[in-house]
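Report on the structure given below.
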There are 2 protein chains.
Amino acid sequence: MFFFEDFAVGRRRELGSFTFTAEAIKTFAAKFDPQRFHLDEEEGRKSLFGGLAASGWHVGSVCMKLLVADSQRQAREALARGEEVATLGPSPGFRELRWIRPVLAGDIISFASEVASLRTSESRPGWGILEARNSGTNQRGEAVFSIVATAFVPRRKSA
Amino acid sequence: MFFFEDFAVGRRRELGSFTFTAEAIKTFAAKFDPQRFHLDEEEGRKSLFGGLAASGWHVGSVCMKLLVADSQRQAREALARGEEVATLGPSPGFRELRWIRPVLAGDIISFASEVASLRTSESRPGWGILEARNSGTNQRGEAVFSIVATAFVPRRKSA
């Protein structure tokens, strides 16, 4: 579980959904992104967003939250089956961070993660590099968020 | 202020610094990125990070917080001088999000923003597109964070 050899390009995980309430939007914005359209309904309506809109960093952070919860769930299940579970390596970065449509108060965003590419690392023997496209879709089926995440994953030791 | 014509490639703003205390790191991680090396000193030391490390989303969110504070400061100063202040448009996305080095408990990260490119929008007359490289540097002068942000900025109406 979580070894390089366990992944396949195209493998998709549904990560679950999150409702961006007005309260959650304002709490995050007050702390990290206090722009008017993230803090006040009326200001949101007057803005290009057309309503109280979540900070893009809030959307990305919620995606991370659901990714971690999904990994932890998978790890628990694998451990319960008696499988070995590898520790994922750090992420050197993400690319193509896109906020495609506004996330407005009340929107329910479903997140998913799909393996986009896999390659072995030349500089770090024993490790592979996985790219995953993580995405968010609203309750109307419209894409709202997308990012390509890169992570180091350990290779299985050959027996 | 904040019109397309007011920006110049290479213009750099120092955004201020933020101390990532263990408490701030754990509070953010508990909510959005509950991986062990973001929650516990000992687990952090045992990890590739070598210490309690801030979530990358925390670092990005703090950069956003300082960007907004800097914009608001500039806007207040411009208004006090009697200048017109434009409202920045939404951001269609960011690219090249890089977590270059871990941000560990106690690190003081200074952020800066530099205009990387400017072009007029073909699809939206009246708007320009600005790209800025936002970056974070630790107390030892080492780069820890970098992202290229894109934003729509209104053009001045010709008189």
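The values are calculated or read from the model by the stated rules, or taken from the named source; none is laboratory data. This one's a predicted model, so the numbers in the text were calculated from it and none came from an experiment. Cβ placement follows ideal geometry from the backbone for every residue including glycine, while neighbour counts extend to all protein chains displayed.
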Just wondering, is there one or more residues in region A:64-83 that are more than 9 Å from chain B (Cβ to nearest Cβ), modelled with pLDDT under 95 and on the phi > 0 side of the Ramachandran plot?
yes
Checking residue A:72 against (1) closer than 20 Å to residue A:14 by Cβ; (2) touching a residue at least 40 places away in the same chain (Cβ under 8 Å), which test does it fail?
(2)
Conditions: (1) closer than 23 Å to residue B:57 by Cβ; (2) free of Cβ contacts under 8 Å to residues at least 60 places away in the same chain. Residue B:122 meets all but one. Number of the miss?
(1)
Among all residue pairs at least 6 apart or on different chains, which show Cβ distances below 9 Å where the first residue, located in region B:85-105, is on the phi > 0 side of the Ramachandran plot and the second is part of a loop (DSSP other than H, G, I, E, B) and at pLDDT below 90?
B:93/A:100
Kindly indicate the residue of region A:132-155 that is of a type outside the set (A, V, I, L, M, F, W, C) and under 12 Å from the mean Cα position of the chain (by Cα) and also surrounded by the most Cβ atoms within 10 Å (Cβ to Cβ) among those meeting that condition.
A:136
Would region A:106-115 turn up any residue that is more than 22 Å from residue A:25 (Cβ to Cβ), of a type in the set (A, V, I, L, M), within 13 Å of chain B (Cβ to nearest Cβ) and touching a residue at least 12 places away in the same chain (Cβ under 8 Å)?
no
So, in region A:4-30, exactly how many residues are surrounded by fewer than 16 Cβ atoms within 10 Å (Cβ to Cβ) and more than 19 Å from the chain's Cα centre (by Cα)?
5
Give me the residue from region B:39-58 that is at the interface with chain A (Cβ under 9 Å from one of its Cβ atoms) and out of contact with any Leu (no Cβ under 6 Å at 6 or more places or on another chain) and, out of that set, surrounded by the fewest Cβ atoms within 10 Å (Cβ to Cβ).
B:48
From the option list B:61, B:91, single residue qualifying as out of contact with any strand residue (DSSP E or B) (no Cβ under 9 Å at 6 or more places or on another chain), surrounded by 15 or more Cβ atoms within 10 Å (Cβ to Cβ), within 14 Å of chain A (Cβ to nearest Cβ) and of a type in the set (Ser, Thr, Tyr) is B:61
